[in-house]
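The values are calculated or read from the model by the stated rules, or taken from the named source; none is laboratory data. Predicted model, so just to flag it, every value in this text is computed and none were measured. No Cβ is skipped: glycine too gets one built from the backbone with ideal geometry, and neighbour counts run over all protein chains shown.
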C-alpha cells in the first residue's frame, strides 16, 4: 500500500512539474540582442536596453495588403535616431504576457478573452521617409519599402498552444555605409502574416527593441494613430 502511495505521489509531482514547464514556455523572457559580452569565459547576449511593446488583435478580412497570396498586416514604427541594431519578435496568443507600459489597442481590449492565435511570420521594413513632416497617408502609400529581415519560426520563442515553435523573432544589425540597409532615423514597419495562405485571426504581442536608449520610438497600427502620437 505504501509503495503504491509513493508511486502516486511521484506521478502527481511529475505532472505538476510538467504543467509548470508548459506554463513557463508561454511566457517571454528578456529580449536579448546580437550584442555580446564575455562574462566568466562565457559569451552572452545582452538584453535590449529599450523595448516598446504592442498588444493587438487580428480580424479576418481586415488585412492591409495581399502579397504573394498572403494577407499582410502592418505596425508602423517611427525610429527617431540612428540605431546599431533592432530586434523584433511576435508571440500569439498574448496569453499571460504583460510587459510594462505596453501599448494596448482597442481591438485587443475588445477581444482580450479570445483563445484565437496564429502561426506568426514577421518582416522588418524601412521606408525612404526620413522626416516626421513627410509622414502623410499619401506619401506613405507611395513610399518605397525595403525588407531588412524576416523570420517565420524561432526556437527561442515560446510554443504555440498546439506545441509547435511557430512564433517569430528577428535581429538586424545596421549595415553602416549602405544607405538602404543602415538603421537611420525614419519610418519603419513590422509586417506580419502567417506561413500558410488564408485568414489571420488572433491576439498578438509585438515588441521592437534596441541595445541603446532610443527615446521617442512610436508604434501604431495606422498612420493616423502614428501622427497623433508624434
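Okay, here's what the table says:
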| read-out | value |
| --- | --- |
| Qualifying residues in segment 132-142 (those that are assigned to a loop (DSSP other than H, G, I, E, B) and under 18 Å from residue 219 (Cα atoms)) - the one nearest to the chain's Cα centre (by Cα) | 135 |
| Single condition residue 32 does not satisfy, out of (1) modelled with pLDDT of 85 or more; (2) within 21 Å of residue 157 (Cα to Cα); (3) over 21 Å from the mean Cα position of the chain (by Cα) | (3) |
| Sole residue being over 25 Å from residue 50 (Cβ atoms), assigned to a loop (DSSP other than H, G, I, E, B) and either touching a strand residue (DSSP E or B) at 6+ places or on another chain (Cβ under 8 Å) or modelled with pLDDT under 95 (or both), chosen from 114, 154 | 114 |
| Per-region count, segment 182-199, residues modelled with pLDDT of 95 or more and in a loop (DSSP other than H, G, I, E, B) | 4 |
| In segment 163-177, residue surrounded by the fewest Cβ atoms within 10 Å (Cβ to Cβ) [restricted to those that are outside any strand (DSSP E or B) and within 14 Å of the chain's Cα centre (by Cα)] | 166 |
| Unmet requirement for residue 81, which otherwise passes all of (1) surrounded by 14 or more Cβ atoms within 10 Å (Cβ to Cβ); (2) not in a loop (DSSP other than H, G, I, E, B) | (2) |
| Conditions (1) surrounded by 13 or more Cβ atoms within 10 Å (Cβ to Cβ); (2) modelled with pLDDT under 85; (3) in contact with a strand residue (DSSP E or B) (Cβ under 6 Å, 6 or more places away or on another chain): number failed by residue 52 | (2) |
| Unique residue being buried (at least 19 other Cβ atoms within 10 Å of the Cβ) and under 14 Å from residue 206 (Cα atoms) when the list is 122, 129 | 122 |
| Among the candidates 149, 143, 102, residue that is more than 19 Å from residue 48 (Cα to Cα) and surrounded by 15 or more Cβ atoms within 10 Å (Cβ to Cβ) | 143 |
| Search result, residues across segment 85-97 that are part of a loop (DSSP other than H, G, I, E, B) and either crowded, with 16+ Cβ neighbours inside 10 Å or modelled with pLDDT of 95 or more (or both) | 92, 93, 94, 95, 97 |
| Failed condition for residue 43, given (1) modelled with pLDDT under 50; (2) more than 24 Å from the chain's Cα centre (by Cα) | (1) |
| Candidate set: segment 200-223, residues that are part of a loop (DSSP other than H, G, I, E, B) and under 17 Å from the mean Cα position of the chain (by Cα); chosen: the one surrounded by the most Cβ atoms within 10 Å (Cβ to Cβ) | 200 |
